[in-house]
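Engineer: Please find one structure pasted underneath; my questions will follow.
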Amino acid sequence: MLRIGKLADYGLLIADCLAGAPDQLTTEAIVQQTGLPDATVRKLLRHLVDAGLVSSRRGLKGGYRLSRTADRISVAELIAAIEGPIGLTECTHDDDHCTLSPGCGMRGNWHVITDLINRQLATITLADMAGDLNHRGASRIALTALAN
């Protein structure tokens, strides 16, 4: 089964929380609104800040906010910020770590499939995720097709 990791899922939840805030939020406010553990929120905020998706401000009036509007941040960016490059198999990012690579006839196909998934996730924004993709955003999100 293919699955987005728990931390990436939580990262999207934190980004969604920030997207819905009229101003910046403290770590404590994010913990309270999401129900996630404090340590997890702090870890994920560091990843999101390092990726440039979230900005932080220290001090008494400090907090976190999205660096861009929710309609300009893709699901692909958020997942990659938490989990690293999106790939379905080890060889899609580093052929050197797969001992089967030299004789594998499927490697090229995994690269194509990974590229398709990445391109599709790049078309879905954080703003899209706040709604129902079956209705509101589905007509805007083009299905990626194989290039011949």
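Engineer: Treat each spin label as a single point 7 Å out from the Cα along the C-beta direction, and report the T34 to D9 distance in nm.
Structural biologist: The two pseudo-label positions are separated by 1.4 nm.
Engineer: Ok, one more. Kindly put H93, H111 in sequence by how many other C-beta atoms sit within 10 Å of each C-beta, fewest to most.
Structural biologist: Lowest count first: H93, H111.
Engineer: A further question on this structure: Which order do M129, M106 fall in if you start with the one that has the fewest other Cβ atoms within 10 Å?
Structural biologist: Result, fewest neighbours first: M106, M129.
Engineer: Something else about it: What's the exposure ranking of Y64, Y10, going from fewest to most Cβ atoms within 10 Å?
Structural biologist: Y10, Y64
Engineer: Just the Kirkwood number for region 6-137, please: inverse of mean 1/r across all distinct Cα pairs, in Å, one decimal.
Structural biologist: By the Kirkwood definition, the hydrodynamic radius is 16.2 Å.
Engineer: Subtract the Cα-Cα distance of A127 and V112 from 0.36 nm times their separation in residues, and report this length gain in nm to one decimal.
Structural biologist: Values: separation 15, 0.36 × 15 = 5.40 nm, distance 2.71 nm.
Contour length minus the Cα-Cα distance gives 2.7 nm.
All of the numbers you see were taken from the coordinates with simple rules; none came from a lab. Worth saying up front: this structure is predicted, and the values here are computed from it rather than measured. All Cβ positions, glycine included, derive from the backbone under ideal geometry; neighbour counts span all protein chains shown.
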